[in-house]
Amino acid sequence: MQEVIPFNRPHRLKVQSLSDDACEVTLPWRRRNLNHVGTMHACAMATVAEYASGLCVLSAMGVGKVRLVMAELKMQYGRRAETACVARATMSAEVLADVQAKLEQAGRGTFDLHSVVRDAHGEVVAEAHITWHVKSLKG
């Protein structure tokens with residue numbers, strides 16, 4: 001899946017699970033993903049959180065049916081990540097219905113999703129609040 005987003009290739013992100021309402025992506029512990037003090041880099045955690053969120057949306061709405069562009073990313077880092085991490089994003093039925101209504105009415109819309117990044121011990125190390133612009137690709 002990293003071939004879809006060339007920027008993500010060096011991080012070696014791996015999709016662990018993908019369904020219509022959730023996505024989990026692993027951020028491996030490797031030198032390229034670490035910062036200068038030897039812990040997981042903040043930008044690597046932001047990348048995995050954004051990727052999980054985007055895949056969650058595309059899975060729920062249908063690949064090739066919408067164009068998705070991130071409008072805003074707000075990260076909160078609670079603690080150092082000293083292991084590999086997993087980002088999990090979910091899209092509730094209510095959010096999906098709201099977005100689908102916006103697409104039906106205007107062909108585009110904006111909405112927010114939340115991703116949680118946990119370390120290998122299950123501790124929350126970061127959270128992302130992502131605002132997406134979505135546009136229908138229907139002819």
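For segment 53-109, trypsin sites (Lys or Arg not before Pro) are listed when DSSP marks them as loop and at most 16 other Cβ atoms sit within 10 Å of their Cβ; the list is K65, R79, R80.
In this structure, the amide hydrogen of H41, modeled 1.01 Å from its nitrogen in the peptide plane, lies closer than 5 angstrom to those of L34, N35, counting only residues at least 5 positions away or on a different chain.
So what is the relative contact order for the chain, in percent, with contacts set as C-alpha pairs under 8 Å and at least six apart?
Details: 292 pairs, mean separation 36.9, N = 139.
For the chain, the relative contact order is 27 percent.
Percent of C-alpha pairs per 5 Å bin in segment 41-123, short distances first: 3, 13, 24, 23, 14, 11, 8, 4, 1, 0. When all alpha carbon pairs of segment 1-58 are counted in 10 Å bins from zero, the resulting P(r) reads 24, 54, 20, 2 %.
Between F7 and K102, the modelled label-to-label distance comes to 2.0 nm, taking each label 7 Å out from Cα in the direction of the beta carbon.
To the nearest ten degrees, helix 42-61 and the longest principal axis of the Cα atoms of the chain are 30 degrees apart. In the set (1) 53, 34, 11; (2) 22, 16, 15; (3) 28, 14, 12, the label that goes with semi-axes √(5λ) of the Cα gyration tensor in Å computed for this structure is (3).
Taking every DSSP helix (H) stretch of at least 4 residues in the chain, weighting each as -39,500 (n - 2.57) and dividing the sum by the residue count yields a mean residue ellipticity at 222 nm of -8000 deg cm²/dmol.
Only the coordinates and a few stated rules stand behind these numbers; no lab work does. Keep in mind it's a predicted model, so treat the numbers as computed, not measured. Heads up, the Cβs are rebuilt from the backbone with ideal geometry, glycines too, and the neighbour counts pull from every protein chain shown.
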